[in-house]
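Visitor: Structure provided below as structure tokens; questions to follow.
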Amino acid sequence: MSAGKEKQNVNTIKSIEEILKEESVKEYKKVKDIILVSDKERNNLVKDLKNYPHAFVLACAMDRQINADRAWSIPYEIKQTLGNFSINTLYNVSLDEYKKIFNEKKLHRFNDNMATVFYNAVHKIVEEYDSDASNIWKGNPSSATVVLRFLNFDGIGIKIATMATNILSRDFKIKMSDYYSIDISPDVHIKRLFKRMGLINKKDINNIDKIIYKARSINPDFPGIIDLTCWKLGRSVCRPTSPKCDKCILKIYCPKIIDSDDI
């Protein structure tokens, strides 16, 4: 590769990073509708941070190895079974009862395990957060503090902890003292988009650390701000097959590194 061409490619990548950041900030500012579940009633429960902040936390804990819509519907299914979703009602349900509900309603792929996760999360909220899950994010904490508090829940890993903190900031506009510990959550769509935009090499498409650090380099103050824009583009525009490059907001800047075996 000639020096001139290499310089052009570097400049192109920088342009992509700049426009991606700009578009992501716009997307972040215009988020108004909080849609965590496609069904309205189920969505109303998990987004009600005033009356049921624990519903949001419990839904996050369920979001593992099943469709997100199904996972985030579990609090609603529990509410329908119990007839009430107060934290005290949930606290008085035994682990065996939760296992019975999960298995009878087939709420998850791993019903016994996730019933235990649900039970433990309820007890943690009552015993460590004074029965109010919103104490996890109250008081203008640092983003690292919020992420760590989610990580301390049984069954919640770094991807979900970061996602939960990002949703609180982006959708609910929860104030934090900083946002630099809110990373991008690389799913299949984001990985594909990063590779096609030339932000990572093809061989690194499954290297989560490199994707996360690339996002940090694009916007160090709030790496996760680009998550929603990348996810939307990857899901609806930069699809695995027949990508709609003509409809992409990055089409002028993107090198379009498209292979048949992206994923």
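Visitor: Could you check segment 232-247 and list, in sequence order, the residues that are in contact (Cβ under 8 Å) with a residue 12 or more places away in the chain and surrounded by fewer than 19 Cβ atoms within 10 Å (Cβ to Cβ)?
Guide: Within segment 232-247, Lys232, Arg235, Pro240 meet the criteria.
Visitor: Tally the residues that are touching a residue at least 40 places away in the same chain (Cβ under 8 Å) and of a type in the set (Ser, Thr, Tyr), restricting the search to segment 248-263.
Guide: The number of residues fulfilling the criteria is 1.
Visitor: Please determine whether any residue of segment 228-238 is in contact with an Asp or Glu (Cβ under 9 Å, 6 or more places away or on another chain), under 20 Å from Ile35 (Cα atoms), at pLDDT 90 or above and of a type in the set (S, T, N, Q).
Guide: Yes: one or more hits.
Visitor: So Ile158 clears everything in (1) modelled with pLDDT of 95 or more; (2) touching a helix residue (DSSP H, G or I) at 6+ places or on another chain (Cβ under 8 Å) except one condition, right? Which one?
Guide: Every listed condition holds for Ile158 apart from (1).
Visitor: Given the conditions (1) out of contact with any Lys or Arg (no Cβ under 6 Å at 6 or more places or on another chain); (2) not assigned by TED's automatic domain parsing to the domain that holds Glu22, which single one is not true for Ile226?
Guide: So the condition that Ile226 fails would be (2).
Visitor: Sort out which residues of segment 37-69 are free of Cβ contacts under 8 Å to residues at least 12 places away in the same chain, closer than 20 Å to Asn111 by Cα and over 15 Å from the mean Cα position of the chain (by Cα), and write them in order of number.
Guide: The answer is none; no residue qualifies.
Visitor: Is it the case that Ala115 is surrounded by 15 or more Cβ atoms within 10 Å (Cβ to Cβ) and within 18 Å of the chain's Cα centre (by Cα)?
Guide: no
Visitor: I would also like to ask the following. Can you tell me which residues in segment 186-205 are surrounded by fewer than 16 Cβ atoms within 10 Å (Cβ to Cβ) and either among the β-branched types (Val, Ile, Thr) or closer than 16 Å to Ile158 by Cα (or both)?
Guide: Of everything in segment 186-205, just one residue is surrounded by fewer than 16 Cβ atoms within 10 Å (Cβ to Cβ) and either among the β-branched types (Val, Ile, Thr) or closer than 16 Å to Ile158 by Cα (or both), namely Val188.
Visitor: Here's something else I'd like to know. Restricting to segment 217-260, and then to whatever is out of contact with any helix residue (DSSP H, G or I) (no Cβ under 9 Å at 6 or more places or on another chain) and assigned to a loop (DSSP other than H, G, I, E, B), can you tell me which residue is nearest to Val31 (Cα to Cα)?
Guide: Among those that are out of contact with any helix residue (DSSP H, G or I) (no Cβ under 9 Å at 6 or more places or on another chain) and assigned to a loop (DSSP other than H, G, I, E, B), it is Asp221.
Visitor: How many residues, within segment 151-173, are touching a Cys at 6+ places or on another chain (Cβ under 7 Å), closer than 16 Å to Lys124 by Cα and part of a helix (DSSP H, G or I)?
Guide: 0
Visitor: Considering only segment 89-120, state which residues are free of Cβ contacts under 8 Å to residues at least 12 places away in the same chain, touching a helix residue (DSSP H, G or I) at 6+ places or on another chain (Cβ under 7 Å) and farther than 15 Å from Glu77 by Cβ.
Guide: Correct list: empty.
Visitor: Only one of (1) touching an Asp or Glu at 6+ places or on another chain (Cβ under 9 Å); (2) buried (at least 19 other Cβ atoms within 10 Å of the Cβ); (3) within 21 Å of Arg239 (Cα to Cα) is not met by Asp183, so which one is it?
Guide: All conditions pass for Asp183, except number (3).
Visitor: Also: Taking into account only those residues within segment 219-231 that are in contact (Cβ under 8 Å) with a residue 60 or more places away in the chain and within 14 Å of the chain's Cα centre (by Cα), which is surrounded by the most Cβ atoms within 10 Å (Cβ to Cβ)?
Guide: Filtering segment 219-231 for residues that are in contact (Cβ under 8 Å) with a residue 60 or more places away in the chain and within 14 Å of the chain's Cα centre (by Cα), the one surrounded by the most Cβ atoms within 10 Å (Cβ to Cβ) comes out as Cys230.
Visitor: Additional query: Just give me the residues in segment 142-175 being crowded, with 20+ Cβ neighbours inside 10 Å and over 24 Å from Ile211 (Cα atoms), in sequence order.
Guide: Across segment 142-175, the qualifying residue is only Phe153.
A quick yes/no check of all residues on (1) assigned to a loop (DSSP other than H, G, I, E, B); (2) in contact with a His (Cβ under 9 Å, 6 or more places away or on another chain); (3) at pLDDT 95 or above; (4) surrounded by fewer than 22 Cβ atoms within 10 Å (Cβ to Cβ):
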{"position": "Tyr28", "(1), (2), (3), (4)": "no, no, no, yes"}
{"position": "Asn43", "(1), (2), (3), (4)": "no, no, yes, yes"}
{"position": "Leu49", "(1), (2), (3), (4)": "yes, no, yes, yes"}
{"position": "Phe56", "(1), (2), (3), (4)": "no, no, yes, no"}
{"position": "Gln80", "(1), (2), (3), (4)": "no, no, yes, yes"}
{"position": "Val93", "(1), (2), (3), (4)": "yes, no, yes, yes"}
{"position": "Lys124", "(1), (2), (3), (4)": "no, no, yes, yes"}
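The values are calculated or read from the model by the stated rules, or taken from the named source; none is laboratory data. These figures come from a predicted structure and were not determined experimentally. Glycine also receives a Cβ, built like all others from the backbone with ideal geometry; neighbour counts cover every protein chain displayed.
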